[in-house]
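Report on the following structure.
The values are calculated or read from the model by the stated rules, or taken from the named source; none is laboratory data. Bear in mind the structure is a predicted one, so any value in this text is a computation, not a measurement. Methodologically, a virtual Cβ is constructed for each residue, glycine included, from the backbone with ideal geometry; neighbour enumeration extends over all protein chains shown. What goes into the accessible areas is simple: the full protein's heavy atoms, side chains included, and nothing from ligands, DNA or RNA. Shrake-Rupley method; radii C 1.70, N 1.55, O 1.52, S 1.80 Å.
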Amino acid sequence: MSLVGKRVVVVGGTSGIGLATAKAFLEESANVIIASRSVEKLSSAKQSLGDNVEGYQLDFRNETNVKAVFEQIGEFDHLVVTAGDAPMGLFSELPVQSVKEAFEGKFWGQYLTVHAAIPYLKKGGSITLTTGVFAVRPSVGATTLAAINSAVEGLARGLSLELAPTRVNVVSPGLVDTPIFAGMPEEQRQGMFAAVASKLPIGRVATAEDVAQSYLYLAKNTIATGTVVYADGGTRLV
Ligand SMILES: NC(=O)c1ccc[n+]([C@@H]2O[C@H](COP(=O)([O-])OP(=O)(O)OC[C@H]3O[C@@H](n4cnc5c(N)ncnc54)[C@H](OP(=O)(O)O)[C@@H]3O)[C@@H](O)[C@H]2O)c1
């Protein structure tokens with residue numbers, strides 16, 4: 001399917017995987033709409049993507065806010081959600097409240113976004129959500145992420161039947177070099193990347209641009225539905 005002239009909403013499109021995905025859709029001549037919480041990130045993303053990109057301030061954990069934004073956006077063709085984050089930590093040590101908040105910030109945010117978007121999604125469109133390889137290969141300390149990502153993948157499988165013919169899929173990245181790790185001391189970050197790269201069959205850590213190609217594929221391929229695309233460099237196998 002050609003993406004020329006299609007309206008594509010990228011929730012989380014102001015940083016990392018979402019920003020690279022917004023760029024990738026623009027390169028296919030789609031009309032791109034980005035949304036996230038921070039006014040600063042929205043303005044710098046719009047500067048890097050170009051003035052023809054629409055931007056909306058949106059916190060995908062807030063149902064009223066999400067509904068109002070989709071009402072403003074109106075009809076569109078493809079939805080991509082890359083927004084979200086959740087903490088690492090041992091099951092026995094993470095406070096229950098922080099795990100509940102993590103579900104708000106990755107599971108419920110994606111759920112509410114789809115809920116609000118459905119009335120405006122045109123026939124022939126698609127929805128692509130984001131999980132992470134911890135759903136199927138958690139490391140110690142990634143139990144919360146394993147649970148959240150598995151829940152999102154289950155949601156997508158169910159939705160692919162209930163929302164048909166709209167196609168619903170998931171991209172599951174492994175480790176990706178994005179601003180999500182900006183808070184880490186540089187030496188620790190580089191050490192983590194080097195350790196992961198040395199184990200992976202691809203011998204390097206993925207870039208946001210690598211992962212963006214998976215969202216393009218799922219928007220374009222009209223037989224892809226109810227599926228998970230692993231953009232993980234072979235993480236599941238090592
Ligand atoms: N990077 C990795 O290694 C990796 C690995 C596996 C899975 N993932 C998953 O991939 C997705 C994208 O990660 P990334 O590395 O691209 O992160 P990132 O660079 O930090 O980007 C996250 C984006 O989501 C937006 N966002 C966060 N919370 C939001 C909220 N409540 N409402 C609306 N927008 C929100 C952020 O903008 P604002 O701050 O302006 O809201 C930002 O645009 C996440 O779901 C992450 O869990 C990443």
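Annotation: of all residues in segment 1-19 being open to solvent by 10 Å² or more (accessible area, probe 1.4 Å) and hydrophobic (A, V, I, L, M, F, W, C), the one that is nearest to the ligand (Cβ to nearest atom) is 17.
Of 164, 116, 146, which residue is open to solvent by 30 Å² or more (accessible area, probe 1.4 Å) and among the hydrophobic types (A, V, I, L, M, F, W, C)? Answer to the check: 164.
The set of residues in segment 144-189 being within 16 Å of the ligand (Cβ to nearest atom) and part of a loop (DSSP other than H, G, I, E, B) consists of 174, 175, 178, 182, 183, 184.
Looking across 207, 225, 178, 235, one residue alone is over 17 Å from residue 132 (Cα atoms), among the hydroxyl-bearing types (Ser, Thr, Tyr) and surrounded by 14 or more Cβ atoms within 10 Å (Cβ to Cβ). It is 225.
Yes/no per residue for (1) over 21 Å from residue 15 (Cα atoms); (2) modelled with pLDDT of 95 or more; (3) in contact with a Leu (Cβ under 6 Å, 6 or more places away or on another chain):
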{"position": "164", "(1), (2), (3)": "yes, yes, no"}
{"position": "180", "(1), (2), (3)": "no, yes, no"}
{"position": "183", "(1), (2), (3)": "no, no, no"}
{"position": "199", "(1), (2), (3)": "yes, yes, no"}
{"position": "210", "(1), (2), (3)": "no, yes, no"}
{"position": "225", "(1), (2), (3)": "yes, yes, no"}
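Only one entry in 42, 26 is within 8 Å of the ligand (Cβ to nearest atom), assigned to a helix (DSSP H, G or I) and in contact (Cβ under 8 Å) with a residue 12 or more places away in the chain, namely 42.
With the requirement that a residue be free of Cβ contacts under 8 Å to residues at least 24 places away in the same chain and open to solvent by 40 Å² or more (accessible area, probe 1.4 Å), what does segment 73-99 give you? If the condition is that a residue be free of Cβ contacts under 8 Å to residues at least 24 places away in the same chain and open to solvent by 40 Å² or more (accessible area, probe 1.4 Å), then 92, 93, 95, 96, 97 are the ones that fit. Within the bounds of segment 211-218, is there any residue that is within 11 Å of the ligand (Cβ to nearest atom) and open to solvent by 20 Å² or more (accessible area, probe 1.4 Å)? The answer is no; no qualifying residue exists. Under the condition of being of a type outside the set (D, E, K, R), in contact with a strand residue (DSSP E or B) (Cβ under 9 Å, 6 or more places away or on another chain) and over 23 Å from residue 105 (Cα atoms), the residues counted in segment 33-49 number 1. Reported count of residues in segment 29-39, each being away from the ligand (no atom under 16 Å from the Cβ) and not in a strand (DSSP E or B), is 2.
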